[in-house]
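The values are calculated or read from the model by the stated rules, or taken from the named source; none is laboratory data. Just so it is clear, the structure is predicted and the values come from calculations on it, not from any experiment. Backbone-built Cβ (ideal geometry, glycine too); neighbour counts: all protein chains shown.
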C-alpha cells in the first residue's frame, strides 16, 4: 500500500504544530484518507497567515534579566512571520493555547493601539526616560509591518517625545522609516542593529524563510550608516557546526557595509523551540544534524539549552570559548569592538497623550 504523501509547508520555518506544553490534548493530521486529494494537500503546503486583533492595554514590557542590555521593550506584534526555525520567542504563543510551530508564524496578533498606548506610557508622571527596545521579543519589522505600520507610528511618537529607541531587526524594511530614523539620529536617540545569521542566501532561505536576504540586510546597514544612523551587526544566533565558521567573513562584510560595532548570541533552544529546530535540521541539514546537535550540547553542559543567567547567551566549554575568541579577534580586526555611544535621555519631553493633551507639569 502506498505511503501517504508528506506535506511540506513552503516558506515556513516549522513544518508542524508541535504539541502545546500546557495542552492536555494534541491533534495529529492523518493524511491517509486524502493522499490523492492534490488540491487539499496543496492547501496544507501553503498555510495562510492570519492576523488577529490584540486588545492589550499595555504595550511596554519590563525585563529584569541581567543578560540583556535593556529594561523596557515594545513589541507591536505577537508571533512572527519571519518563521526563523530557532526563534526563542516561539513558546510565547503557547500561552494563547497555540503551537510554537506553525501557529507562531501563521497566527499573528496585532496590537493596533500600540502608538496610542506608547503615548500614554510616556506621559506617566513617574516615567524616568531610558532606552526602550523595539523587538525585545518578536521582530517589529516583520512583513506584517508593511500593512499595519505600527512600528513607524510608534517611532513618530518617540521622535515627538525625544524618547531613545534601540531597534533590532532582520528585515531591510527598516529603511522605509529612514526619514524618521535620520531625524532621531540627529538628536542621538536611536541605534539600529541588523541581525545577520549567515552570508549563505540558500541557508537563510530555509532557516529564516521570510526575512530579508543577507545581502539586503548588509545593504540596510550601509544605507543607515550613510544617513548618519548608528548601525551595528548582530550575529544571532551562532549555531555551532552550522554558521560559526562564517564569523570572520560575516564581520568583514558588516564592517565593509558600514557597521560600527558587533555582537553575537549563541543558539538558544528553550522549551518547544527544541523540537522545531531539530525538525528543521532533520529536513534541511540531515548530513550535519548529528554534528550540530553534538556541538550545541558541548556548549550547554550536555544539554540543548542553558537557562542560567550569565551563560545562556554565550554558553560554556571549549567550543563556546573558541566562538567567543574568534568573535573578539575579528571584531578587533575590522574595528567592530567598540560599544555604541549611549543614547541621550536628556532631551525627553512628554508627548501629547492619546486624547491629544499635553502634560502641564
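Quick look at the values:
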quantity: Pairs where the first residue, in region 70-99, is at positive phi and assigned to a loop (DSSP other than H, G, I, E, B) and the second is buried (at least 21 other Cβ atoms within 10 Å of the Cβ) and at pLDDT 95 or above, C-beta under 7 Å, 6+ apart; calculated: 79/93; 79/104; 79/105; 79/108; 79/109; 79/138; 83/105
quantity: Top-ranked residue of region 150-165 - restricted to ones that are surrounded by fewer than 23 Cβ atoms within 10 Å (Cβ to Cβ) and within 12 Å of residue 140 (Cα to Cα), ranked as nearest to the chain's Cα centre (by Cα); calculated: 152
quantity: Within region 100-118, tally of residues that are over 16 Å from the mean Cα position of the chain (by Cα), in a loop (DSSP other than H, G, I, E, B) and within 18 Å of residue 142 (Cβ to Cβ); calculated: 2
quantity: Which listed residue, of 315, 310, is part of a loop (DSSP other than H, G, I, E, B) and either over 23 Å from the mean Cα position of the chain (by Cα) or buried (at least 19 other Cβ atoms within 10 Å of the Cβ) (or both); calculated: 315
quantity: Among (1) under 20 Å from the mean Cα position of the chain (by Cα); (2) surrounded by 20 or more Cβ atoms within 10 Å (Cβ to Cβ); (3) touching a residue at least 40 places away in the same chain (Cβ under 8 Å), the one test that residue 189 misses; calculated: (1)
quantity: Selection status of residue 139, over 25 Å from residue 191 (Cβ atoms) and crowded, with 21+ Cβ neighbours inside 10 Å; calculated: no
quantity: Complete set of residues in region 318-360 that are more than 28 Å from the chain's Cα centre (by Cα) and without any contact (Cβ under 8 Å) to a residue 60 or more places away in the chain; calculated: 346, 355, 356, 357, 358, 360
quantity: Residues located in region 46-68, provided they are without any contact (Cβ under 8 Å) to a residue 12 or more places away in the chain and assigned to a loop (DSSP other than H, G, I, E, B); calculated: 64
